[in-house]
Structure formats: C-alpha cells, structure tokens
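The values are calculated or read from the model by the stated rules, or taken from the named source; none is laboratory data. Just so it is clear, the structure is predicted and the values come from calculations on it, not from any experiment. Cβ atoms come from the backbone with ideal geometry, glycine included; neighbour counts cover every protein chain shown.
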Amino acid sequence: MFLSSNKPRVIAARPKRRFGLPLFLSRVAAGFPSPGDDFADGTLDLNDLVEHPSATFLVRVTGNSMTGVGIDDGDLLVVDRAREAKNGHIVIAVAYGEMTVKRLERRGPRWWLVPANAEFPPMALPEDGEIWGVVAHTIKSY
C-alpha cells in the first residue's frame, strides 16, 4: 500500500524549543509485573533521538502493508535522509510516482521493496525509483 500520492508538505520550522521528559532507567515488564522505582532517573529530550536534524522528517503511514514489523496505519515515522539505506532497512521510497514504506532487500542484481504483510506483493525498485530515507523510529498513538 502506498502512502500518499501527494509530495510531502514542508511545514515552516518553529523556533526550536527543547523539553525533556522523565526517563526511568527501570525496564517495564511486558509479562508479570515487577516492583518499580517511583522516581525518574533523568530526562530524555526527544530531539536526542534524531541523529541528523536537518535531514530528518516525519511522515504519517496510510495502509497496512508493514503491520508485520509493527508499523500500522496512522503511525508517525521518523525518517533520516542522511542514513545510507542498506539491505534489510525499512525505507521510504518513491516508486512509480508514489511514496511507500517497505523493507529494502537485495535479490540478485535488483533492489526490491518488500512489504511486511503477506497480502501485499513485493515490487522491484524501478530504475527511476528513489530511496528518500531510512526509517529511524516509529511513533504510535493508542
């Protein structure tokens, strides 16, 4: 499933305002609960998750071709255009005039865009296709 046929909108940058969120070094059990600390061990500024700020953008996912790797409809992806796309990376690509999020795989002499949902077929990256960036993080809302 392709994202949007529209090109990404560039939104004017606001003055940079940094703020930290409490960071607990204790892990959160996804199985049986364990006692946790009642205090924060520091702060984490979400800007610290971005390695290349001038080459990073956000894009919202439309569709369900990547649900097998936890990327769902409506998620925000943090995409780094400065990272080199390598075999196995989740990327934003332009193929056949459309933007899409897929896993990049080398198969013989060609690069393929492979979904993480068996309902969708893989597609060869066309000669005029382009990798726009590597997905660095997924932001979910529940």
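A few remarks follow.
- Annotation note: Cβ proximity below 9 Å between a residue of the stretch 88-100 that is under 13 Å from A136 (Cα atoms) and charged (D, E, K, R) and a residue that is at pLDDT below 95 and assigned to a strand (DSSP E or B) (sequence gap 6+ or interchain) occurs for no pair.
- Residue that is surrounded by the fewest Cβ atoms within 10 Å (Cβ to Cβ), among those in the stretch 124-142 that are closer than 20 Å to G68 by Cα and β-branched (V, I, T): I139
- Scanning the stretch 81-123 for residues that are in contact with a His (Cβ under 9 Å, 6 or more places away or on another chain), surrounded by 17 or more Cβ atoms within 10 Å (Cβ to Cβ) and assigned to a loop (DSSP other than H, G, I, E, B) turns up just one, R83.
- Among residues of the stretch 124-142, those that are part of a loop (DSSP other than H, G, I, E, B) and either at positive phi or hydrophobic (A, V, I, L, M, F, W, C) (or both), counted: 1
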